[in-house]
Amino acid sequence: MSEQREYASFLATRRAEICERIDAAARRSGRDEGEVEAIAVSKTVGPDEVLLARRAGWGRFGENRPQELG
């Protein structure tokens with residue numbers, strides 16, 4: 001498996017794990033699971049990695065360095 005495919009698989013697996021933890025926490029607190037959304041942080045990664053994350057299902061990204069958005 002190529003390094004890029006391995007990374008994409010890692011991102012998809014981690015997203016599923018994170019979303020399950022968020023859903024479980026929402027259920028425990030009595031909140032609707034749809035009220036909470038995970039946001040990927042693109043800090044310190046390049047556009048290729050962000051694109052892989054997007055393809056892995058991440059829909060929203062946070063970035064605290066405006067110069068990186070360009």
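The values are calculated or read from the model by the stated rules, or taken from the named source; none is laboratory data. Bear in mind that the values here come from a model prediction, so they are computed numbers and not experimental data. Neighbour counts run over all protein chains shown; Cβ positions are idealised from the backbone, glycine included. Surface areas here come from the heavy atoms of the whole protein model, side chains and all, with no ligands, DNA or RNA. Shrake-Rupley method; radii C 1.70, N 1.55, O 1.52, S 1.80 Å.
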Point to revise | Expected 222 nm ellipticity per residue - DSSP helices of 4 or more, -39500 (n - 2.57), all of the chain, to 500 | key: -17500 deg cm²/dmol
**Study point:** Answer label, with Rg/Rh (Cα atoms, Kirkwood Rh) calculated from the coordinates and candidates [x] 0.91; [y] 1.05; [z] 1.13
**Key:** [y]
Practice item. Would you kindly state how much longer the chain becomes between R21 and I39 on full extension, computed as 0.36 nm times their sequence separation minus their alpha carbon distance, in nm to one decimal? Key: 5.1 nm
Check your understanding: For the chain, what relative contact order do you get, as a whole percent, if you take Cα pairs closer than 8 Å and at least 6 residues apart?
Key -> 36 percent
Check your understanding: Considering only protein heavy atoms and a 1.4 Å probe, what is the carbon-and-sulfur percentage of the accessible area of the chain?
Key -> 48 percent
Review point. For labels at L51 and S29 in the simple 7 Å Cα→Cβ model, what's the distance in nm?
Key: 3.6 nm
